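Chemist: Submitted below is the structure of interest, expressed as C-alpha cells.
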Amino acid sequence: MGTSLVAGLAMFVALVVVHEFGHFVVAKLFGIGVPVFSIGMGPKVYGVEWRGTEYRLSALPLGGYVRLAGADPFGEEAVEEEVDPRLDFMRRPVYQRLLVMLAGPAFNLALPLVVFTGVLMLGEPQTIAQIGSVHAGSASEEAGLQAGDLILEVDGVPVHFWSEWIDALDTHKGRAVPLRIARGGEELQLTLGEGVIREGEAGHIDFEHLGLSTQWVSSRVGVDGAGSAAGRAGMITGDAVSSVDGVEVSTWEALMRAMTPGQPHQLEWLRADREGGITEHQGRIDPPLLWAPRPQDGLANPWGLVPVMVYVGQVMPGSAAAAAGILPDDRLLALDGAPVMDWANITMSTAGAVQARVLTLVRDDSLLEQRITPRMEREFLGGEVRYRPIMGIALYPDAFAPPVMEHGYYGITEAVPRAFEESRFLFQRTVGVLGRLLTGEVKPAESLGGPIEIFRIAGEGADHGIYAFLRLMGTISISLGVVNLLPVPVLDGGQILFYLVEGIRGRPLSLAFRERVQMVGVLFLVAVMLMVMVIDVNRLFSGG
C-alpha cells in the first residue's frame, strides 16, 4: 500500500506537471503572461518568483496547474484582475490560444517517445531470443524447434532479443522463414514453412498457432501417483523442486537433465501452504521398484514427476468446470481423446465454437472422464474484445519460469525509431479502445481507470523496477493526452473546440452560452469521475 501511494503520487504529479509544462512553454514562447506555475493544488506552501512567474509548491500533491494572465488556472474564462494587455491570454489571436491549449496534450503524447528512448539507451532488461517452451503439436514443434533453442538469424538477419525476433517474423507473414539457431553447442539451420507465420488478432502474429513462448516450464511438479518414486519420497502436487544433488534447478528441462534414470537422487523442494507460507523440504528419491508409469502417457518418466502445467490449479466458482465436478489438482490427461501435453493443448482446443468436450482426468490414481461444455465468455485483452469458450479452470501459479533477460543497449539512431513505433502502437490502441467505449463495444469497467487504479498499477510497476515504472508512466501519459483532447468543455479539447468555432465565426461564442456549456461539462466530468471511482473501488476489492 505504501509503495502504491508513493509511486502513484510520483507518477500522477509527473504526468500533470508535464502536461502543464506544455501549456507553460508555448505561452512563454508567445509572450503570454504566466503568473503562476504550481506543482500541487490548494494553498501555497512555498514559492519563488522569476521572470514574471511564481514557481509554487502547493499543499495537495495532486498534480499542478499554470495560471495564464487574464484567465483562470485552466484557461476557461476571463477573471477580474488588472492584466497588461500585452500579456493577456484572452486577447491573443485564436491560433496562439489554440496552440497553448494543444501543447498540454501534445507534451503528454510526446513524453513516451522521450521515456521509451531513454530506457532503450540506458539498457533496459530485455528477453533474449531463446525459446523457453514449445507447445506440443504446434507448427513450431513440427518445424523442429525445441525448448532452449537460441535464435541467431532470421532469413540472414542477426537477432539477439525476443523483440528483434518478433519484428523479423512480422515481415515474413505467409512466407517461409529460414532460421539459424544454436542448440547444445551446435548451430543448426531450420525453416518455418509457408503459412506458419500468420496474422492473428489486431494484426499481430498468431502465437497460438506458432506455439512457442519465452517462458520455460518451471520445476514446479505434479506427482503422478502416491506409489511413484516422487510420491514415496513425500512429494505432493504443487511442490517446486529447487535442487537435485545440491545443484539448483528452476526449469523442467534442468530437472529432467539432472535426474539420471536408475540412480537415487537427493532433492530439495519448496511447498506453499493455504495461508501463503513457504516451507522447505528434502528427501531421497529412489528408482522405482514395482511402480510403472501409465502406458501411452507422453509425459511419463520413471520418477512419477509431471510438469504442473497439466494440472488444474484453480476452478472458478460457477464455471462450466465447477458444474462438471472438476477439482483443483486434477491432472488433465486427454481432451476428446487427444493427449494433453501442455496447457496450450487446452486453450487452443477450446478456442472456437461452444461444444461438449470430454476431459480425461487423473484423480487419486484413478482415471475419470468428465463431460464439460465450455461457456462462451467475453474477454477484454490488449485493447481488443473477443469471445471465447471458457471451461473455468486456471493454471497453477508459477507453472512457468521467467525467461532469460539481458540488458539491451541501443544507440539513439536505433532507440528513437523503436520508441516511436511503440508510442504509435499505444496511441492507436488507446484511440481504438476509446472509440469502442463510445460505441458501447467496450464496457467502462473494462477500459476506465481513475486515481485509485493509477496508484495501484503504479505500485505494481515500481515493484518491478524503474524501467517497468517508466514504461507504465509513458503508457498512461498517452491515455492522459488522448482524453484531454476530447471535446468536453472542462478539458483542453473543449477549449480547443471553442477557439476553433471562434476562428471560423470570427468572434467568440457568447459568455452566457459558454457558461451553460461549461456547467454541462462539469456535471458530465463529475459523473464520469464518480463512475470511475466506483469502478476502481470494485476492482480493488474484487482483485480484478
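Chemist: How many residues are more than 25 Å from the chain's Cα centre (by Cα), surrounded by 14 or more Cβ atoms within 10 Å (Cβ to Cβ) and without any contact (Cβ under 8 Å) to a residue 60 or more places away in the chain when one looks only at the stretch 340-357?
Modeler: Narrowing the stretch 340-357 to residues more than 25 Å from the chain's Cα centre (by Cα): 340-341, 353-357.
Subsequent filtering for residues that are surrounded by 14 or more Cβ atoms within 10 Å (Cβ to Cβ) retains 340-341, 354, 357.
Still in the running and without any contact (Cβ under 8 Å) to a residue 60 or more places away in the chain: 340, 354, 357.
The total comes to 3.
Chemist: Just to be sure I understand, how many residues within the stretch 118-156 are of a type outside the set (Gly, Ala, Ser) and in a strand (DSSP E or B)? Write out each step before concluding.
Modeler: Restricting attention to the stretch 118-156, the residues satisfying the condition of being of a type outside the set (Gly, Ala, Ser) are 119-122, 124-128, 130-131, 134-135, 141-142, 145-146, 149-155.
Going one step further and asking which of them are in a strand (DSSP E or B), we end up with 124-128, 130, 134, 150-154.
Counting residues in the stretch 118-156 that are of a type outside the set (Gly, Ala, Ser) and in a strand (DSSP E or B) gives 12.
Chemist: Find all pairs meeting these conditions: Cβ atoms under 7 angstrom apart; at least six residues apart or on different chains; first residue within the stretch 530-544 and in the same structural domain as residue 8 (by TED's automatic domain parsing) and within 12 Å of residue 451 (Cβ to Cβ); second residue modelled with pLDDT of 80 or more and of a type in the set (Phe, Trp, Tyr).
Modeler: Short answer, once both residue conditions are applied: none.
Chemist: Right, next: Restricting attention to the stretch 409-442, and to residues there that are of a type in the set (A, V, I, L, M) and at pLDDT 90 or above, which single residue is surrounded by the fewest Cβ atoms within 10 Å (Cβ to Cβ)? Spell out how you get there, then give the answer.
Modeler: First pass over the stretch 409-442, keeping only residues of a type in the set (A, V, I, L, M): 412, 415-416, 419, 426, 431, 433-434, 437-438, 442.
Next cut, at pLDDT 90 or above only: 412, 415-416, 419, 426, 431.
On the way: 412: 11, 415: 20, 416: 17, 419: 23, 426: 22, 431: 14.
My answer is 412.
Chemist: Only residues that are closer than 24 Å to residue 355 by Cα, surrounded by fewer than 24 Cβ atoms within 10 Å (Cβ to Cβ) and of a type outside the set (A, V, I, L, M, F, W, C): list them for the stretch 296-329, please.
Modeler: Within the stretch 296-329, 313, 314, 317, 318, 319, 325, 328 meet the criteria.
Chemist: Tell me, yes or no, whether the stretch 361-369 has at least one residue that is within 26 Å of residue 447 (Cβ to Cβ), modelled with pLDDT under 90 and either out of contact with any Cys (no Cβ under 8 Å at 6 or more places or on another chain) or not in a loop (DSSP other than H, G, I, E, B) (or both). It would help to see each step written out before you state the result.
Modeler: Residues of the stretch 361-369 within 26 Å of residue 447 (Cβ to Cβ): none.
No, there is no match, as no residue in the stretch 361-369 is within 26 Å of residue 447 (Cβ to Cβ), modelled with pLDDT under 90 and either out of contact with any Cys (no Cβ under 8 Å at 6 or more places or on another chain) or not in a loop (DSSP other than H, G, I, E, B) (or both).
Chemist: Which residues, counting only those in the stretch 248-271, are of a type outside the set (Ser, Thr, Tyr) and either more than 22 Å from residue 399 (Cβ to Cβ) or in contact (Cβ under 8 Å) with a residue 60 or more places away in the chain (or both)? Break it down into steps so the answer makes sense when it comes.
Modeler: Here is the first cut: in the stretch 248-271, the residues of a type outside the set (Ser, Thr, Tyr) are 248-249, 252-259, 261-271.
Result: 253, 261, 262, 263, 264, 265, 266.
Chemist: So, of the residues in the stretch 443-475 that are of a type in the set (Asp, Glu) and out of contact with any Lys or Arg (no Cβ under 7 Å at 6 or more places or on another chain), which turns out to be surrounded by the fewest Cβ atoms within 10 Å (Cβ to Cβ)? Even if it seems obvious, please write down each step before you answer.
Modeler: Of the residues in the stretch 443-475, the ones of a type in the set (Asp, Glu) are 446, 453, 460, 463.
So of that shortlist, the ones also out of contact with any Lys or Arg (no Cβ under 7 Å at 6 or more places or on another chain) come out as 446, 460, 463.
Numbers: 446: 18, 460: 14, 463: 12.
Here the residue is 463.
Chemist: Also, quick follow-up: With the requirement that a residue be part of a loop (DSSP other than H, G, I, E, B) and surrounded by 12 or more Cβ atoms within 10 Å (Cβ to Cβ), what does the stretch 261-293 give you?
Modeler: 264, 286, 287, 288, 291, 292, 293 - these are the residues of the stretch 261-293 that are part of a loop (DSSP other than H, G, I, E, B) and surrounded by 12 or more Cβ atoms within 10 Å (Cβ to Cβ).
Chemist: Which one is nearest to residue 127 (Cα to Cα), of the residues in the stretch 157-183 that are part of a loop (DSSP other than H, G, I, E, B) and without any contact (Cβ under 8 Å) to a residue 24 or more places away in the chain? Break it down stepwise before answering.
Modeler: Within the stretch 157-183, the subset part of a loop (DSSP other than H, G, I, E, B) is 159-160, 171-176.
Then drop every residue that is not without any contact (Cβ under 8 Å) to a residue 24 or more places away in the chain, which leaves 171, 175-176.
Values: 171: 20, 175: 25, 176: 24 Å.
Checking each candidate, the answer is 171.
Chemist: OK, next. Only one of 403, 397 is assigned to a loop (DSSP other than H, G, I, E, B), under 23 Å from residue 163 (Cα atoms) and under 18 Å from the mean Cα position of the chain (by Cα); which?
Modeler: Working: 397 fails: under 23 Å from residue 163 (Cα atoms).
After ruling out the rest, the residue left standing is 403.
Chemist: Quick one: count up the residues across the stretch 14-25 that are among the hydrophobic types (A, V, I, L, M, F, W, C) and either surrounded by 22 or more Cβ atoms within 10 Å (Cβ to Cβ) or farther than 9 Å from residue 107 by Cβ (or both). Outline the logic, then answer.
Modeler: Residues of the stretch 14-25 among the hydrophobic types (A, V, I, L, M, F, W, C): 14-18, 21, 24-25.
Subset that is either surrounded by 22 or more Cβ atoms within 10 Å (Cβ to Cβ) or farther than 9 Å from residue 107 by Cβ (or both): 14-17, 24.
Selection size over the stretch 14-25: 5.
The values are calculated or read from the model by the stated rules, or taken from the named source; none is laboratory data. As the structure is a prediction and not an experimental result, all values here were calculated from the model. With ideal geometry, Cβ positions are generated from the backbone for all residues, glycine too; neighbour counts draw on all protein chains shown.
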